[in-house]
Structures are given as structure tokens and as C-alpha cells.
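The structure under discussion appears below in the form of C-alpha cells.
The values are calculated or read from the model by the stated rules, or taken from the named source; none is laboratory data. Worth saying up front: this structure is predicted, and the values here are computed from it rather than measured. Here Cβ is always computed from backbone atoms with ideal geometry, including for glycine, and neighbour counts include all displayed protein chains. The protein model used for the area step is the full one, side chains on, heavy atoms only, and it has no ligands, DNA or RNA in it. Shrake-Rupley method; radii C 1.70, N 1.55, O 1.52, S 1.80 Å.
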Amino acid sequence: EGRREIRPATPHCRADSTKEDMGTLEFAGDGTLAGTATTLRLTKPWWGSQRVVCGDSAFASVACAERLLENGLRFIGVVKSATRRFPMETLGAVTMPVRGGWRSMVSIAPGEERPKFAADVWVDRDRRYFIRSCGDDREGDEIRRKRWRVLDGGPVQDEVTLRQPAFAQKYYEAASVIDRHNRIRQDDIGLEKTFVVRDWATRVNSALLAMTGANAYLLYRGSVSGDGAMTVGAWMKELCPGMIFNNWERTGTRSGRGGGSAVRAAPLREFPSSGVSGRLSPTRKVRKENPNAAYRKRCAVCSTQRSRFVCS
């Protein structure tokens with residue numbers, strides 16, 4: 001339809017906010033659902049642009065589609081729990097014997113010829129329900145998946161095809177970006193699984209670090225294509241030493257054994273900021289009073305003994 005899309009739509013995180021604080025935000029005090037209020041706040045800069053917003057079940061509802069349409073935005077979303085005014089029972093009772101089938105219902109306002117909203121059901125492994133104010137129910141591109149099947153001669157890789165409607169194809173083109181980011185963060189980097197913590201603040205910071213790493217890798221893959229691109233694991237092995245042992249804020253030449261000019265540290269700012277100035281560096285000697293506490297190192301910049309905390 002020639003409309004540009006807003007994708008992916010990710011809610012702002014406010015770790016220090018309570019439920020009462022979130023209720024005082026814009027659009028949240030007039031009985032609007034939390035997912036709808038968040039969607040309205042996120043998309044407000046694009047009101048009136050007729051772009052397409054794709055939202056998962058945390059945001060999708062009939063009310064969300066209505067409010068966005070009132071403000072000049074289209075919507076496609078998957079409905080799970082927010083079923084108010086959605087024909088869940090009617091669509092759930094429709095008989096579809098094979099995977100890849102779909103059915104649609106439309107809502108036409110009195111005095112109008114074209115429908116404003118459509119409710120759909122599409123069968124993949126299970127039934128998936130959609131609410132939308134754009135798109136159509138024509139057949140989209142065929143889905144092709146690789147699956148292993150156990151036959152008499154042993155395991156064989158087979159290709160499975162599945163029909164999908166055009167509105168589902170448009171939605172999953174946007175949702176796949178979020179799924180890819182989650183897969184890189186949770187499975188490939190796996191920091192939340194390998195770095196076990198008990199402190200809530202440390203868990204939040206480690207999750208943000210993993211998100212930043214996933215974003216950086218996606219930026220790298222966007223600039224490097226073809227067979228020469230590194231995998232996530234290989235890229236992280238290159239990135240981590242570069243972040244830990246770097247001399248980005250130093251001038252001069254590094255001297256080897258036997259002489260040469262020493263490395264001259266650039267003067268630090270009065271209030272160093274993260275990634276710009278002072279950072280933790282390995283110490284040259286172990287604490288003499290307790291050799292077993294070798295991991296308690298001093299920062300080369302501020303000389304604090306609590307090296308678990310970044311001074312920058």
C-alpha cells in the first residue's frame with residue numbers, strides 16, 4: 001500500500017518506576033489499557049503519517065487499533081489476552097482442517113462502504129489471531145522451513161512449505177527483527193545464563209550490557225556482508241579484549257622491551273564519563289596482606305580497591 005512501517009516498537013524501560021508512577025504518565029489516566037498507552041506514547045512523533053505499527057500481544061487490542069487510527073496510524077497486531085470486543089469465540093469455532101488456512105471478519109461503520117478494521121485467524125502450529133486496520137487477506141509469499149524427519153533409512157532433512165496471508169507476512173517481517181535481537185542476546189551471547197547474580201541492580205545492568213552487545217553486532221552485520229562476516233561468538237571474542245585492554249585515550253608509541261618511548265597518558269577530565277576517560281586496568285602486583293585475595297585489584301586511575309565498580 002506504499003506506507004512506511006514503524007518497526008520494531010519496543011517500550012521504554014523505567015526500572016525505578018512503580019505501578020503508581022506509570023499510572024501518571026500520558027494517556028494512562030483515562031482508563032486506557034497499559035499496552036495502548038505505551039503504544040500511543042511511543043508513536044506520538046509519527047501521528048498523522050499513515051505508517052504501519054506492528055505490535056505483539058502486549059500491545060495489541062481493538063482499542064489500540066482504534067486509538068492509533070484516530071491519530072493517523074495503521075496497526076497490525078497479534079491478540080492473545082486483550083480480547084475485549086474481539087470476536088475470539090467466533091473465529092475460534094471456525095473449522096480449518098489444514099495448516100496454512102485463514103479466515104477474516106471485517107467491521108464496517110454505518111454509512112461507509114470500506115471496512116475500518118479486520119479480525120483474522122491463521123493456523124500455523126496453532127491458531128493465531130490478528131487485529132488490523134490495514135493490509136488485506138490475499139495470499140502472501142509461501143513459507144519454507146527446513147525440518148528433520150526420521151524415515152526408515154534414517155534422518156532426512158526435508159523442506160516444508162506453508163501458506164500465509166499478506167497481513168501475517170507484513171507482521172512477521174517486523175516481528176522477526178525483535179526475535180533476532182532476542183536470539184542474539186539470550187542464546188548467542190547468553191550473558192544472563194553464564195553470569196549468575198543475586199543483586200537486582202546487577203541483573204538489570206547485565207541485561208542492558210547484553211542488549212548493547214546485540215545492537216553492536218547487528219550494526220556490524222549491517223556494514224559487513226557475505227562470507228567474510230564473523231559469527232556472534234567470534235565477534236564477541238574480538239570485541240571483549242578490545243574493550244578491556246584498550247589505549248584509546250593514550251598518546252605516543254608503545255615501547256617494547258629494551259627501551260623506546262613510554263606511553264604518555266592523556267590528562268583526565270575533572271569528571272570522567274563512561275567510555276571516554278578513566279577505566280579499570282590490571283594491577284601490577286597482588287595485595288601483600290592477603291595473597292588469596294588477588295582478585296581485589298586497584299584501579300589504575302582512582303586507586304580504589306573495589307575494582308568491581310567502574311570508576312568512570
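Full extension of the chain between residue 160 and residue 207 yields a length gain of 13.4 nm, computed as 0.36 nm times the residue separation minus the alpha carbon distance.
When peptides 99-111, 215-227, 49-61 are sorted by average Cβ neighbour count within 10 Å, with the highest value leading, the order is 49-61, 99-111, 215-227. Taking packing as the residue-averaged number of other Cβ atoms within 10 angstrom, the listed peptides 168-175, 62-69 run from highest to lowest as 62-69, 168-175. Within the shell defined by Cβ-Cβ distances under 9 Å, the residues around residue 210 carry a net charge of 0, with Lys and Arg each +1 and Asp and Glu each -1.
Over all directions, the projected convex hull of the C-alpha atoms in the stretch 200-240 averages 2.9 nm² in area.
Full extension of the chain segment joining residue 230 with residue 25 gains 69.5 nm, where the gain is 0.36 nm per residue of separation less the Cα-Cα distance. With all protein chains kept in place, the per residue accessible area of the stretch 197-244 amounts to 68 square angstrom at a probe of 1.4 angstrom. From the Kirkwood radius over Cα pairs of the stretch 70-161, Stokes-Einstein at 37 °C and 0.692 mPa s returns a whole-number translational diffusion coefficient of 208 µm²/s. Length gained on full extension, residue 199 to residue 239: 11.8 nm, using 0.36 nm per residue less the C-alpha separation. What's the long-distance tail for the stretch 108-220, i.e. % of Cα pairs beyond 24 Å? Pairs farther apart than 24 Å: 56 percent.
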